[in-house]
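Below you'll find the structure, written out as structure tokens, and then a few comments.
The values are calculated or read from the model by the stated rules, or taken from the named source; none is laboratory data. Everything numeric in this text was worked out from a predicted model, so none of it was measured. Backbone-built Cβ (ideal geometry, glycine too); neighbour counts: all protein chains shown.
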Ligand code: OGA
Ligand code: MN
């Protein structure tokens with residue numbers, strides 16, 4: 001019986017349509033609550049490599065169904081925090097509403113965490129092995145007439161390619177410092193990290209230029225604004241100026257797509273090659289409830305000088 005159902009799901013017809021010029025596509029016609037076969041996941045992974053962001057429209061997913069679908073992409077990350085989970089440690093409530101349904105005030109730190117998300121970033125970059133993909137599901141979304149509340153995405157492949165030859169050469173050997181605790185520098189009212197959290201996610205550094213061995217040495221920028229602004233080995237202020245210049249560069253509209261949420265959207269993005277951020281909105285007026293699961297990465301971030309990259313000849 002299961003096999004028959006799996007074949008039926010694998011045979012589901014779907015359409016992929018680009019959403020933005022630089023990245024993003026919507027996938028129509030799939031019901032992800034049905035069993036999904038390996039073959040379909042393989043095709044979706046290819047589509048994600050190509051488009052960076054995929055929006056599966058018109059889904060109706062319970063939390064266990066979202067977890068089950070997410071696991072088909074790879075092992076899930078647990079969140080390092082103790083206060084953001086709904087039921088499972090693999091689920092992050094991206095909301096200005098509590099798990100019990102209460103619209104939270106601006107000062108609640110669960111709301112302030114949403115503001116940290118309003119800076120350009122890639123998920124879990126504060127880990128030695130950062131995330132592969134994130135899956136964000138729209139439960140309560142803003143009305144179409146409301147301002148803001150979209151999720152912005154930027155293609156780090158396009159942003160890297162558009163850099164001047166001088167800038168490419170300058171950043172080639174550089175690393176950036178990524179620290180989970182950086183959000184506390186930006187929003188001092190957040191409660192300090194617990195010792196458990198400090199130990200779970202100590203600062204790390206990653207190359208600014210990411211080389212993708214599984215994509216014939218394709219390169220992309222790897223940078224964040226919500227987990228740091230320091231460049232390893234550079235005088236602090238000089239590094240921060242370079243960081244600010246790169247963040248301004250990646251925000252250029254030609255690299256970006258801003259997703260207006262519809263209820264039932266399941267948006268999947270590739271954290272290796274894209275950045276994203278929450279667009280600000282009137283948090284006191286509107287409820288916004290999204291549910292996120294995160295697929296772990298397969299290995300550390302390789303840069304141009306990583307041994308594995310040089311051994312591969314890129
Ligand atoms: C996230 C995130 C952006 C948003 O869930 O990782 O950054 O628009 N969300 O809420
Ligand atoms: Mn995020």
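General remarks:
- Among the residues of the stretch 216-244, the one identified as assigned to a helix (DSSP H, G or I) and touching a helix residue (DSSP H, G or I) at 6+ places or on another chain (Cβ under 9 Å) is 242.
- Residue in the stretch 255-266 that is closer than 21 Å to residue 149 by Cα, within 13 Å of ligand 1 (Cβ to nearest atom) and in contact with a helix residue (DSSP H, G or I) (Cβ under 9 Å, 6 or more places away or on another chain) present: yes
- Answer from 148, 138 - the residue that is surrounded by 13 or more Cβ atoms within 10 Å (Cβ to Cβ), on the phi > 0 side of the Ramachandran plot and within 21 Å of the chain's Cα centre (by Cα): 148
- Some residue of the stretch 140-151 being in contact with a strand residue (DSSP E or B) (Cβ under 6 Å, 6 or more places away or on another chain), over 23 Å from residue 185 (Cα atoms) and more than 14 Å from ligand 2 (Cβ to nearest atom): yes
- The stretch 280-307, residues that are touching a strand residue (DSSP E or B) at 6+ places or on another chain (Cβ under 8 Å), in a loop (DSSP other than H, G, I, E, B) and within 10 Å of ligand 1 (Cβ to nearest atom): 288
Yes/no per residue for (1) in contact with a helix residue (DSSP H, G or I) (Cβ under 8 Å, 6 or more places away or on another chain); (2) under 25 Å from residue 249 (Cα atoms); (3) without any contact (Cβ under 8 Å) to a residue 24 or more places away in the chain:
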| residue | (1), (2), (3) |
| --- | --- |
| 110 | no, no, no |
| 145 | no, no, yes |
| 165 | no, yes, yes |
| 185 | no, yes, yes |
| 208 | yes, yes, no |
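- The requirement of being touching a strand residue (DSSP E or B) at 6+ places or on another chain (Cβ under 7 Å), farther than 18 Å from residue 270 by Cα and modelled with pLDDT of 95 or more is not satisfied by residue 223.
- Just one of the numbered conditions (1) closer than 14 Å to residue 246 by Cβ; (2) within 15 Å of the chain's Cα centre (by Cα); (3) surrounded by fewer than 20 Cβ atoms within 10 Å (Cβ to Cβ) is not true of residue 122: (3).
For (1) closer than 28 Å to residue 58 by Cβ; (2) within 16 Å of ligand 2 (Cβ to nearest atom), each residue gets a yes or a no:
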residue	(1), (2)
251	no, yes
262	yes, no
269	yes, yes
279	yes, yes
284	no, no
289	yes, yes
300	no, no
308	no, no
313	no, no
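- The residues listed here are 248, 230, 237, 298; of these, the one that is under 26 Å from residue 76 (Cα atoms) and modelled with pLDDT of 95 or more is 298.
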